[in-house]
Amino acid sequence: MPTVEEDIQFLIQIVKKDMEIKEKKKLLDAIPPRIKAIDREIKKMDESMSETKRIIEKLDAEKRHIELELKTHHAELEKKKEEQRLVKDNKVYRAIVTEMEFINKKVDQAEERMLAILDEGEVRRDEIRILTEKMSGERGVLVAEKDRLEREAGATDDSLKILEDEKLRILPHISEDIRRQYARIRTAKGDSGVANLMGDICQGCYSRVPPQRAVEVRRNEQIMNCEVCGRILVHYEIS
Ligand SMILES: [Zn+2]
C-alpha cells in the first residue's frame, strides 16, 4: 500500500501524461480542418483548370462548325455564280443576286463570330498557361503540405497511444480510493483529475488558491482538492 506522498508522486506522473495527452489531442484535432482547407484549394485549382479546358473545347467545336458553315456558303455562292452566268431572264437574275447577298451576309456574320472565337481562344489558352504554371508550383506545395500533415497526424496518433499506455501502467500503483477519485474527476473534467499548482494558481481552472492552502499543496503530503474545479492539487516544477 503506497503512502500518500507516493500516491501524490504517481499523481504528478499522471497529470504530466494527461497534459501531454491534451496537447497531442489538440494538435491532432487541428490537422483535419487544415487538410480540408488544402483539399478545397486543390479542388478549386483543378476546377478552374477543367472549366477553362471545357470552354476551349466548346470554342474549338464551334470553330469547326463555322468552318463547315463557311465551306457550305462558299459552295452555294459558287453555284449561284454559275446559275447567274447561265440565266437569261432578268427577274431570275435579280432573284439570284438577292440570294447571293443573303448568303454573303451570313458569311460576314460567320467570319465575325470566327474572329471572336479566335480572340477568346487566345485569352483562354493564356489562362491555361498561367494556371499550368501556378499549378506546377502551388499545387505541388499544397500536396506536399497535405502529405506532411497526414504524416504528422499519424505520428501524433502513435505518440498519443504510447502516452495512454504509459499512463495505464502508472495508474495501478495508486491507492484504489485515490485512483477512483481521480477517475471520477477525470471523467467530469475531460482532461485530468489532477492539476498542478503554479504559484497559487490551479492549472486546471486557473483560479487562485488561498495562500495557506497553496503552501500545504506545495508540500505534496496530503490529498487536497481545488475548491473551484475539484481537481486534486499537486505541485511540480515545469521543466
Ligand atoms: Zn481548479
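The values are calculated or read from the model by the stated rules, or taken from the named source; none is laboratory data. Every value quoted in this text rests on a predicted model; they were computed, and no experiment measured them. Note that we place each Cβ from the backbone using ideal geometry, even for glycine, and neighbour counts take in every protein chain shown. Just so you know, the surface numbers come from the protein's heavy atoms only, side chains and all, with ligands and any DNA or RNA stripped out. Shrake-Rupley method; radii C 1.70, N 1.55, O 1.52, S 1.80 Å.
Extension gain, Thr98 to Glu62: 0.36 nm times the residue separation minus the Cα-Cα distance gives 10.2 nm. Do you know the relative contact order of the chain, to the nearest whole percent, from alpha carbon pairs under 8 angstrom that are 6+ apart? The normalised contact order for the chain reaches 33 percent.
Summing Lys and Arg as +1 and Asp and Glu as -1 over all other residues whose Cβ lies under 15 Å from the Cβ of Pro172 gives a net charge of -2.
Near the amide H of Leu233, within less than 5 Å, lie the amide hydrogens of Ala195, Met224, Asn225, Cys226, all on another chain or at least 5 residues away, with H placed in the peptide plane. Listed by chain and number, the lysines whose alpha-carbon sits under 26 Å from that of Lys88, ignoring those within fewer than 8 places in the same chain, are Lys79, Lys80, Lys105. On the beta carbon distance between Lys25 and Glu176, with R0 = 22 Å, the FRET formula returns roughly 0.20. Using a probe of 1.4 angstrom and keeping all protein chains present, the accessible surface of the chain works out to 65 square angstrom per residue.
Here the Karplus relation 6.51 cos²θ - 1.76 cosθ + 1.60, evaluated at θ = phi - 60°, turns the backbone of the range 195-209 into coupling constants of 9, 7, 9, 10, x, 10, 10, 6, 7, x, 10, 6, 9, 7, 9 Hz, with x for every Gly and Pro.
Here's the picture: charge each Lys and Arg Cβ at +1 and each Asp and Glu Cβ at -1 in the range 23-172, and of Met49, Ser136, Leu27 the one pushed furthest to the positive end of that dipole is Met49. Between the range 82-151 and the range 1-63, the alpha-carbon centres lie 45 Å apart.
With a Förster radius of 30 Å applied to the C-beta separation of Glu6 and Ile35, the computed FRET efficiency comes to 0.10. Rounded to the nearest 500, the helix-only mean residue ellipticity at 222 nm of the chain stands at -28000 deg cm²/dmol, with each DSSP H run of n ≥ 4 adding -39,500 (n - 2.57).
Extension gain, Arg85 to Gln212, is 33.6 nm, computed as 0.36 nm per intervening residue step minus the present C-alpha separation. Using the Cβ-Cβ distance between Arg129 and Asp108 with R0 = 35 Å, the FRET efficiency computed as 1/(1 + (r/R0)^6) comes to roughly 0.65. Comparing Leu11, Leu142, Leu77 in a Gaussian network model of the chain, where Cα atoms under 10 Å apart are tied by springs, the biggest mean-square fluctuation is seen for Leu77.
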